[in-house]
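Read through the structure below, which is laid out as structure tokens, and then see the notes.
Rule-based calculations on the coordinates, nothing more; no lab input. The structure displayed is predicted, hence computed values, not measured ones. All Cβ positions, glycine included, derive from the backbone under ideal geometry; neighbour counts span all protein chains shown.
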Amino acid sequence: MSAGTLYDKVWDLHRVAELPGGATQLFIGLHLIHEVTSPQAFAALRDLGLSVRHPERTVATVDHIVPTTSQARPFADPLAEEMLATLEANCAAHGIVLHGLGSGRQGIVHVIAPELGLTQPGMTVACGDSHTSTHGAFGAIAFGIGTSQVRDVLASQSLAMNKLKVRRLWVEGRLQPGVYAKDLVLHIIRVLGVRGGVGYAYEFAGPAIEALSMEERMTLCNMAIEGGARCGYVNPDATTFAYLRGRPFAPSGDDWERAVAWWSSLASGADAVFDDEVRFDAAAIAPTVTWGITPGQGIGVDEAVPTPEQLDPEERPIAEEAYRYMDLVPGAPIAGLPVDVCFIGSCTNGRLSDLRAAAAIARGRQVAPGVRAFVVPGSEQVAAEAEAEGLDAVFRQAGFEWREPGCSMCLAMNPDRLEGRQISASSSNRNFKGRQGSSTGRTLLMSPAMVAAAAVRGAVTDVRTLSPTEVPAPALR
Amino acid sequence: MSSLPFPAGPVIAHRGRAIPLVGADIDTDRIIPARFLKCVTFEGLAEGAFADDRTELAGAHPFDRDEHRGASVLVVNSNFGCGSSREHAPQALMRWGIRAVIGESFAEIFFGNCLALGIPCLTADPVHVAELQQAIAADPGAELYLDLEALAVELESEFVGANRWPVQLAPGPQRMLVSGQWDGTSQLVAHDSELTATAARLPYLNGFALV
Ligand code: SF4
């Protein structure tokens with residue numbers, strides 16, 4: 001049993017009652033909702049004759065279904081329009097704030113809650129979306145839930161939960177230039193597997209983690225769920241506090257000092273006990289790319305697609321399926337694999353620092369002929385900041401499309417999708433079969449800088465071979 | 001698809017034919033592709049179950065095979081239901097007619113979503129799962145009898161002989177299903193005064209004054 005960890009402290013503070021089934025009833029400090037997983041929950045609430053227990057602890061936005069070209073209402077897709085109208089009606093009926101299109105605060109739910117200062121250390125955060133683990137970057141205990149649980153939180157501001165074990169992932173050293181939090185987390189999932197984290201909360205700690213910015217920590221925690229860990233977190237520190245200070249919903253005035261004192265007290269202490277610990281060396285990690293159909297099928301960009309003999313016997317069946325689906329030959333190098341579509345965005349990598357890293361590669365270069373590349377900011381605020389810096393112009397001049405905020409091609413719930421057997425270089429988080437909207441479409445996950453490198457070369461490229469300030473290089477293809 | 005009523009009240013045992021669905025890491029995008037999530041009710045979801053896998057297999061997917069029509073138990077391998085938290089996945093399976101799932105292991109969110117619908121996800125030893133899948137494939141007409149109190153599954157087949165395997169379910173979910181208390185909302189709502197007390201001691205709801 002873990003003890004003295006941030007997870008334990010936050011858990012104890014939020015306990016409401018022990019339930020007959022053996023689960024603990026846990027208070028939820030922040031409930032985030034969006035248009036996809038909430039309509040049925042509100043309908044169930046109405047059927048039960050219940051109201052929303054804490055509408056002021058519930059915050060809504062719209063992200064999954066919004067088009068990223070024209071966001072004029074009504075949407076061209078009547079189903080998408082109906083989903084948004086339903087969310088608007090439910091929020092109005094229950095007194096819930098909705099950060100809607102054009103409000104300046106709309107965006108992917110896991111991008112806006114942190115940037116508005118809603119997500120804070122020591123909170124429990126729930127949302128009907130598995131990438132809620134993102135908010136753990138602040139030292140919150142944050143996890144994705146299903147629609148019945150959305151109903152439960154709406155009705156009772158609490159959830160029936162079983163306590164997880166805590167595994168500390170201790171990362172030594174520093175990430176090398178050209179290597180990002182995305183590469184780190186893809187590497188971790190490669191080593192521990194997509195099921196490795198089942199039953200665990202992941203505490204990310206060590207010098208390499210402390211050196212990460214908040215946006216990088218969000219990328220890392222975002223993908224904890226892809227490693228099977230329902231939540232992942234980083235202990236709050238000076239980086240966390242500096243990020244939060246002055247944000248619209250962050251504490252201010254006299255509250256601020258008290259808040260920082262409390263937040264600081266939550267971090268896992270030197271005497272904390274973990275159920276398990278795994279160590280990594282950040283310096284040894286290369287830019288990482290997935291070649292298969294699970295986020296665990298990643299390799300360094302300088303490596304080759306593994307052969308069955310190189311894999312554990314239990315990984316071979318899914319690898320065989322991946323070779324067929326991806327149309328890749330075991331033993332072939334991944335670098336140089338041509339791509340059709342390049343997507344920069346999502347709750348994993350749609351923040352300002354991600355766009356900056358990609359723009360540094362795109363600047364002065366051109367998207368390779370035949371490649372479709374586009375950039376989708378994670379929120380209206382990210383879009384505004386990027387435009388103020390001129391990043392939109394950098395991308396446009398390089399031949400990228402610059403879009404409106406939303407989930408876009410992370411999943412196929414809006415008009416952005418792959419066609420047929422197209423292969424994408426994507427900064428999103430899932431390379432499952434069919435994830436990007438075509439049942440035969442293929443996805444290579446990588447960092448935003450690597451996606452930009454793939455866009456200008458027309459093929460998977462080690463971003464470390466492209467200098468960010470170099471004069472325009474002729475596109476290969 | 002089957003026309004069984006949705007689960008209600010205690011879930012103590014289930015009898016029905018089964019569908020073996022072989023493969024590890026079958027994620028919720030495969031169970032219900034994202035385009036089917038564009039809906040404001042769960043009603044029409046059954047037809048989306050495994051839609052892309054079924055198209056790919058052109059009629060050969062277990063969900064399309066005549067011998068499994070009307071089956072109500074799914075027998076899967078490891079990490080079933082991983083990926084997206086979408087409750088549309090268990091909803092699609094429930095609306096297809098699935099009332100219980102047996103597998104080597106389940107993704108946690110999927111397990112919880114199923115429990116909230118009164119659909120048990122039971123784990124079994126990989127060897128036993130393989131035996132069960134083979135036995136069902138050999139005699140798809142045979143009925144399974146799932147006993148949630150004894151935690152066992154029996155296959156009643158004239159061809160492959162009767163067989164019984166142990167299955168596992170944590171005591172909490174087992175109690176919730178067997179007692180009919182798997183609809184957790186009412187339990188949570190009942191603790192309203194405790195909830196108020198918890199809120200009163202949370203620093204971030206009280207001006208951080210309680211440090
Ligand atoms: S960007 Fe992708 S993973 Fe993130 S919330 Fe949207 S659809 Fe989900």
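Summary table below
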| read-out | value |
| --- | --- |
| Pairwise FRET efficiency - A:ASN162 versus A:ASP271, Cβ, R0 = 30 Å, nearest 0.05 | 0.75 |
| Distance from the range B:103-137 to the range A:1-34 (C-alpha centre basis), Å | 27 |
| GluC sites (Glu not before Pro) within the range A:357-420: DSSP coil, no more than 16 neighbouring Cβ in 10 Å | A:GLU389, A:GLU419 |
| Total formal charge among the other residues, if their Cβ is under 9 angstrom from that of B:LEU144, Lys/Arg +1 and Asp/Glu -1 | -1 |
| Per-residue mean of C-beta atoms belonging to partner chains within 10 Å, peptide A:289-298 | 1 |
| For the range A:116-264: rounded, prolate or oblate by the Cα gyration tensor [a/c cutoff 1.5] | oblate |
| R0 of 25 Å, Cβ-Cβ distance A:GLU56-A:ALA261: FRET efficiency to nearest 0.05 | 0.55 |
| Sequence-distant residues sharing a close amide H with B:GLY97 (under 5 Å, placed H) | B:SER2 |
| Charge dipole of chain B about the Cα centre (unit charges at C-beta), most positive-ward option of B:SER105, B:LEU117, B:PHE159 | B:LEU117 |
| Lys/Arg +1, Asp/Glu -1 at C-beta; the protein assembly as shown dipole; positive extreme among B:SER72, A:ALA72, A:MET161 | A:ALA72 |
| Cα centroid separation - the range A:293-360 against the range A:92-112, whole Å | 34 |
| Peptide B:85-92, shielding by other chains (average Cβ, 10 Å cutoff) | 6 |
| Other protein chain Cβ atoms within 10 Å, averaged over every residue that makes up A:223-231 | 2 |
| Local electrostatic count at A:ILE334 - Lys and Arg +1, Asp and Glu -1, tallied over other residues with Cβ under 15 Å | -1 |
| Cut-off under 5 Å, modelled amide H: who pairs with A:ALA17 long-range | A:GLN25 |
| Distance in nm between pseudo-label sites at A:GLN310 and A:ARG279 (7 Å out along the Cβ direction from Cα) | 2.6 |
| Built amide H within the under 5 Å cut-off of A:HIS54, gap 5+ | A:GLN157 |
| Point-charge dipole on Cβ atoms (K/R +1, D/E -1) for the range A:332-385, about Cα centre, debye to 20 | 180 |
| Pairwise centroid distance, computed over Cα atoms, of the range A:43-79 with the range A:143-213, Å | 27 |
| Tensor-based shape of the range A:6-161 (alpha-carbon gyration tensor, a/c under 1.5 rounded, otherwise prolate or oblate) | oblate |
| Residues of type aspartates and glutamates that A:LYS163 reaches as a straight line, Cα spacing below 14 Å, ignoring anything fewer than 8 places off in the same chain | A:ASP8, A:ASP12, A:GLU18, A:ASP275, B:GLU108 |
| Simple label model, 7 Å out from Cα along Cβ direction - A:ASP12 to A:ALA85, nm | 5.2 |
| Size of electric dipole in the range A:288-465: Cβ of Lys, Arg +1 and of Asp, Glu -1, about Cα centre, debye, nearest 20 | 360 |
| Additional length obtainable on full extension of the chain from B:GLU158 to B:GLN181, 0.36 nm per residue less Cα span | 4.6 nm |
| Estimated FRET transfer efficiency (B:VAL189, A:SER467; beta-carbon r; R0 60 Å; 0.05) | 0.50 |
| A:MET1 versus B:GLU43: modelled label distance in nm, points set 7 Å from Cα along the beta carbon direction | 4.9 |
| Selection from A:ALA250, A:GLY193, A:ALA322 lying farthest towards where the dipole of chain A points positive, charges on Cβ | A:ALA322 |
| Relative contact order for the range A:6-161, counting Cα pairs under 8 Å that sit 6 or more residues apart, in percent | 34 |
| Tensor-based shape of the range B:1-128 (alpha-carbon gyration tensor, a/c under 1.5 rounded, otherwise prolate or oblate) | rounded |
| Point-charge dipole on Cβ atoms (K/R +1, D/E -1) for chain A, about Cα centre, debye to 20 | 360 |
